[in-house]
Amino acid sequence: MDQRENGALLAEELSRDHELLLADSDEALEQDFDLCILDGRALDRLWELVKQRKAREHPTFLPVLMVTSRPGVKMITRHVWQSVDELIITPIEKPELRARVAILLRVRGLSLALRSRGEEARALAESLADRARDMEAQTTQLEAQTRELRWSAERLAERTLAAEEANRVKGQFLATMSHELRTPLNAIGGYAELMEMGLRGPVTAEQHADLLRIQASQRHLLGLINEVLNYAKLETGAVHFHLENVPAREVVASSESLVTPQAKAKGLLLEVTPCEEDVTVRADAEKLLQILANLLSNAIKFTERGGRVSLWCGISGDAVLFRVSDSGIGIPTDKLEEIFEPFVQVRSDLTRTAEGTGLGLAISRDLARGMAGELVAESVPGSGSTFTLTLPSGIPR
Ligand code: ADP
């Protein structure tokens, strides 16, 4: 068989299982293929190009199969297997041809798979390196943030210490001042009373009226100073709580009778809803009464004539709630927390006319918290306010 016949035979045999690209020029070597089949003459002419093409694919294996007649085999020694990977001697045996082509294509396939694995591995390595860089940057950032946080925490601790110290000094100052003021005030009251009773000689009707005013002012001032003293004591931690199981109904009844005259005098409706009979609250009875009396007298103070004040008591889970509501002037939303600060009073006509130090709620909240409770306020300005005191339940009676 001559070369052409061999070529046709090859083409016919291989086209059954493979896609063939019949090369009619040297440029065909530049195209994409998985196996190159050449005869001796073509290889003689193209061996340099074939070598370059194989080198370009390196390290991926691009197989070249040479079909040659027995005398052409010696040509192989010249190429020293640089450009040829497999050999078929004519006349072509079809099974042999199929087997060699299949093996070469399999090796090519494996080599391509290896290449793509290699590329994947490289891409993975790159993305890992990227991640490592990101993490390094994040670590640096975190370290900086940690340093900042530590610095802030240290400053905060210093400030807290300074604030605690300032608070302690303030409390001590208030306690001393209140004590120093009470002694002469008591003397004023005592002497005014002596005179008013006529024990220092006769007094005229006008002098009598003045003495009564002096006494009223003295009592008022003493009340304010006592409140300041109470607050100062609370702040310095000098107040002790005697916690016991206090019958809630009794505290409600006591606070009602304390404020009934005030409410009547102002023409207010006082509604009281007592707790169930057996409910007790874990509290210091005297301090609980002090809180309720303060909340009720505030409600009366800040409600116009003809309004309504109510005291409700009930249980919620493990807690006992005392709720003091009124239909008074209300509290602006942005002041609902501020009013629990000492000396804070919301400006209004009623605060101007009503007496007070702005300490009642600060004392009440401190007392509530001192008994493991809480005191909060809600309000609809213009419609009224509700103060809720929550305290732990006691053992039922
Ligand atoms: P004081 O009553 O001596 O002014 P408090 O600490 O008891 O001090 O109250 C602080 C302020 O909170 C009051 O001056 C008032 O402005 C406001 N406030 C308290 N209770 C009520 C209430 N029931 N309705 C409206 N405002 C209130």
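Mind checking the angle between helix 285-301 and the chain's longest principal axis? C-alpha axes, 0 to 90 degrees, to the nearest 10.
Roughly 90 degrees, rounded to the nearest 10.
Roughly how tilted is helix 40-57, in degrees to the nearest 10 and between 0 and 90, from the longest Cα axis of the chain?
10
Any idea what the alpha-carbon Rg over 2.2 N^0.38 Å comes to for the chain?
Rg over 2.2 N^0.38 Å, computed on Cα atoms: 2.39.
What is the distance, in nm, between label points placed 7 Å from the Cα along the Cα-to-Cβ direction at Glu286 and at Glu119?
My value for the distance between the label points is 9.0 nm.
Tell me the mean residue ellipticity at 222 nm calculated for the chain from its helices only (DSSP H runs of n ≥ 4, each -39500 (n - 2.57), averaged over every residue, nearest 500).
-19500 deg cm²/dmol
Using the alpha-carbon centroid of each, what span in Å lies between segment 40-58 and segment 233-286?
107
Enter the angle in degrees (range 0 to 90, nearest 10) between the Cα long axis of helix 94-196 and the first principal axis of the Cα atoms of the chain, meaning the one along which they spread out most.
Roughly 10 degrees between the two axes.
At a threshold of 8 angstrom on Cα-Cα distance, excluding pairs fewer than six apart, so keeping six or more, what relative contact order does segment 172-323 reach in percent?
So the answer I get is 22 percent.
Under a Cβ-Cβ cut-off of 14 Å, what is the net charge of the residues other than Glu165 that fall near it, where Lys and Arg count +1 and Asp and Glu count -1?
So the surrounding residues net to 0.
Suppose the chain between Leu149 and Glu337 were pulled fully straight at 0.36 nm per residue; how much longer would it get relative to their current alpha carbon spacing?
Extra length from Leu149 to Glu337 when fully extended: 64.8 nm.
The numbers here are math on the coordinates, done by the rules we state, and not lab data. Fair warning: this is a prediction, and the values are worked out from it, not measured in the lab. Cβ atoms come from the backbone with ideal geometry, glycine included; neighbour counts cover every protein chain shown.
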